[in-house]
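Please treat every number below as a calculation from the coordinates, not as lab data. Since we're looking at a predicted model, the values are computed, not measured. Glycine also receives a Cβ, built like all others from the backbone with ideal geometry; neighbour counts cover every protein chain displayed.
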2 protein chains.
Amino acid sequence: MVEIITSTQNQRVKQWKKLQTKKGRQQSQSYLLDGWHLVQEALQSQVQITALIGTKAELALHNDIVARVNQVYQVTGGIMQEITATVTPQGIAAVVELPLLQLKTIPKSGKWLLLDRVQDPGNVGTMVRTADAAGFDGVVAGKGTVDFFSPKVMRSMQGSQFHISLATAELSDLIPAMQANGIPVYGTELNPQAISYHELPQSDQVAFVMGNEGQGMADNLLQLTTKNVYIPMPGQAESLNVAVSAGILMFSVN
Amino acid sequence: MVEIITSTQNQRVKQWKKLQTKKGRQQSQSYLLDGWHLVQEALQSQVQITALIGTKAELALHNDIVARVNQVYQVTGGIMQEITATVTPQGIAAVVELPLLQLKTIPKSGKWLLLDRVQDPGNVGTMVRTADAAGFDGVVAGKGTVDFFSPKVMRSMQGSQFHISLATAELSDLIPAMQANGIPVYGTELNPQAISYHELPQSDQVAFVMGNEGQGMADNLLQLTTKNVYIPMPGQAESLNVAVSAGILMFSVN
């Protein structure tokens, strides 16, 4: 059944709009997907879609998908703008369950990317997308890293949340626990003890920790790592963008 | 001599504000640097600073720099916001000469990154910064690529315009001309003839062409390249961010 909503003052519209904030997402334990590509990824991954929201024109184009969702809402273009916070929304969105993020078991194998206070949503989303492409098992955000399900992170993540594990954890506990399970954890900082990433062995057991854009990794974490690695830079730039660094490191162990 | 300006309606303020647009930059053949880091890079690189603009507090902190510039303007925080288009400006900016961008001679050696209609300013700026870090000689923008000197590109470029060459050129002319000079030009697309980037030789003579974020490289350019390369992706993501791809490729030939 399709319910028609025309007013931006409608209570459901107000609730959907709240999903733009972390508080709103946590209160309702759900988040908003924007665009057909993500809605299709959600359907394929068996994630529970609690509401499909679209303009009349977009819903009419995809009867097959509409038929697979219980709660469908036909809304105006103005409402789509309001809830997606984009100037030119794609005309389709879905509300889906927020996954449980607290890491429940310590990884015993695999490839992992750990994020220490990474602030820029584009960087976080791009790193998740890159980890997915590189065949990594998951990305773990420590305290102070931006929320995976903010609209800006999702724009860069491009659906990779449906392919790999995303979790939050206290990194100062997680790093020694992964090491105890046999996974080497490499910090990323240039210091006298650091080794070039060219010296890393190819491996299907590895974790990299990426640090804050301005300050790098926290000192207490750098002291916990198995080794610290750096990317030799023959040019004059003082540093690399954190998502570019992560990409070079993750693909170097493939 | 320091001239004091307090009104956002001042003619100079209006001129500086115009530097946010490509048209404004081309008319005055100058662009605006935002922040001490970039001003210092400009001084070190012997670029002509035609105006140093700062709040009273910031100018007082750097008498050494103020003494090296002929035209210094003391302005209000509101004027700084107006001309830098940032909510929290750093309180210091400089107007500098726009470099001549039209590529004058075809490179005979070195490492080059060519950009085919790359749209996102953050991606373009990050690629210039990464090319600089990787020791590349320059970045050449083909038609349809965003302007190197837009405020958003400069935020990601972080001063790398002072370290490597930036130029514009017609890529369909440049690619065969570079090849005639002995530089292999690699396109980036997954097609049956493409080779993995792992098969590229280490070399100090190379060019990569990066394509538009959504559409990839133009067909006519793909047909001109020496070979096309791809990055094998063991995971499920359909593609990589263009700046991450460029980083992996540029560091792979180091």
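Quick notes on this structure:
- Candidates B:LEU100, B:LEU221, B:LEU59, ranked by Gaussian network fluctuation over chain B, Cα under 10 Å, top entry: B:LEU100
- For A:247-253, mean number of other protein chain Cβ atoms within 10 Å: 6
- FRET efficiency, 1/(1 + (r/R0)^6) with R0 35 Å, evaluated for B:LYS104 and B:LYS14 via beta carbons: 0.55
- Computed over the range B:2-97, the P(r) curve from all C-alpha pair distances, binned at 10 Å from the origin, holds 17, 55, 27, 1 percent per bin.
- A full extension of the chain between B:MET1 and B:ALA85 corresponds to an added length of 27.6 nm, given 0.36 nm per residue minus the alpha carbon distance.
- Cα centroid separation - the range B:10-43 against the range A:159-233, whole Å: 40
- Other-copy label distances relative to B:VAL2, 7 angstrom Cα-Cβ extension, nm: 6.6
- The mean number of partner chain beta-carbon atoms within 10 angstrom of a residue's beta-carbon across peptide B:77-87 is 0.
- Ascending list, in nanometres, of distances separating the A:ALA57 label from those of the other copies (7 Å, Cα toward Cβ): 4.9
- Taking only the Cα atoms of chain A, the radius of gyration and Dmax are 20.3, 65 Å.
- Amide H contacts under 5 Å for B:THR50, placed H, 5+ residues apart: B:VAL95, B:VAL96, B:GLU97
- Taking B:ASN123, B:ASN220, B:ASN228 in turn, the Gaussian network model of chain B (Cα-Cα springs below 10 Å) assigns the largest fluctuation to B:ASN220.
- Cα-based shape type of the range A:110-252, given that a ≥ b ≥ c are square roots of the gyration tensor eigenvalues and the cut on a/c is 1.5: rounded
- Cα gyration tensor shape of the range B:181-254, rounded if a/c is under 1.5, else prolate or oblate by comparing a/b with b/c: oblate
- Here the 3J(HN,Hα) profile of the range A:97-105, calculated from phi with Karplus coefficients 6.51, -1.76 and 1.60 at θ = phi - 60°, is 4, 6, x, 6, 9, 4, 4, 8, 10 Hz, Gly and Pro shown as x.
- 7 Å along Cα→Cβ, label-point gaps from B:THR86 to other copies, nm, shortest first: 2.7
- Highest average packing first - A:30-37, B:16-23, Cβ atoms within 10 Å: A:30-37, B:16-23
- Principal semi-axes in Å for the protein assembly as shown [√(5λ), Cα gyration tensor, largest first]: 38, 31, 26
- Mean per-residue shielding of peptide B:158-168 is 2, counting Cβ atoms of other chains within 10 Å of each Cβ.
- Over chain A, relative contact order from alpha-carbon pairs under 8 Å, at least 6 apart, %: 18
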